[in-house]
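What follows is a single structure, written as structure tokens, with notes after it.
The values are calculated or read from the model by the stated rules, or taken from the named source; none is laboratory data. Just so you know, these numbers come straight off a predicted model, no measurement behind them. Here Cβ is always computed from backbone atoms with ideal geometry, including for glycine, and neighbour counts include all displayed protein chains.
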Ligand SMILES: Cc1cc2nc3c(=O)[nH]c(=O)nc-3n(C[C@H](O)[C@H](O)[C@H](O)COP(=O)(O)O)c2cc1C
């Protein structure tokens, strides 16, 4: 696929067919994505590709602990809540997704159901958990590098007819993910990427998120 069409066409996928993803295809995707640049070529990423029973155990444990009111447990400090323009954009995508899914503002049951889907990584057949060595903390630069490889994974997957959604929801309870994905104690879990064949009938999959006008965030200096 032509690069620009690939970038413009990709969107996050939150409804999947149950069909398994062949391991060879995931391997191909990773071969492409690992071409990402990284700080001083440190390539600080580890990718734990999980499917089948271990993934089901992660979904179950993550959901049960969230439902039980156990505080999310991440491996590094995260911002509690967005404010201002960031909050506005967060609301905008939520409104778009809920409208597509026919979830009314006051429909608590459907809203909870949607959040639960997130904790199950949208029932995707594969999840790629991204980690880095704990010794790299404070790891902002390494997290940046993992971001680069993540986008490569999303694009290489999309080119092969596979959908993805990078999601923090799936690793809210990092201890559960660590246990079932066999993640060593000396690695920190950054996030995960749910992956699978898009369910075309799932309406949220058609949602195209908006982007700010470039003049809102770009400054040109020294051009005449
Ligand atoms: C670090 C990161 C974490 C994310 N976490 C979630 C999540 O927990 N649940 C979710 O539904 N989407 C999540 N997303 C997907 C974003 O909502 C999505 O990328 C954004 O709305 C832009 O939409 P697009 O990917 O369709 O272009 C996450 C994306 C990133 C980069």
Does at least one position in the stretch 51-68 carry a residue that is under 20 Å from the mean Cα position of the chain (by Cα), outside any helix (DSSP H, G or I) and without any contact (Cβ under 8 Å) to a residue 60 or more places away in the chain? no
Hey, among 153, 103, which residue is under 13 Å from residue 166 (Cα atoms) and outside any strand (DSSP E or B)? 153
Among the residues of the stretch 119-147, write down those that are in contact (Cβ under 8 Å) with a residue 60 or more places away in the chain, in a helix (DSSP H, G or I) and within 27 Å of residue 52 (Cα to Cα). 119, 121, 122, 123, 146
Give me a count of the residues in the stretch 156-172 that are within 13 Å of the ligand (Cβ to nearest atom) and either at pLDDT 95 or above or in a strand (DSSP E or B) (or both). 11
Those residues of the stretch 4-31 which are more than 16 Å from the ligand (Cβ to nearest atom) and either free of Cβ contacts under 8 Å to residues at least 24 places away in the same chain or more than 18 Å from the chain's Cα centre (by Cα) (or both), in sequence order: 18, 19, 20, 22, 23, 24, 25, 27, 28, 31
Members of the stretch 69-93 that are touching a helix residue (DSSP H, G or I) at 6+ places or on another chain (Cβ under 9 Å) and surrounded by 12 or more Cβ atoms within 10 Å (Cβ to Cβ): 70, 72, 73, 74, 75, 76, 82
What are the residues in the stretch 173-198 that are closer than 21 Å to residue 117 by Cβ and either within 13 Å of the ligand (Cβ to nearest atom) or in contact with a helix residue (DSSP H, G or I) (Cβ under 7 Å, 6 or more places away or on another chain) (or both), if any? 173, 176, 177, 180, 181, 189, 191, 192, 193, 194, 195, 198
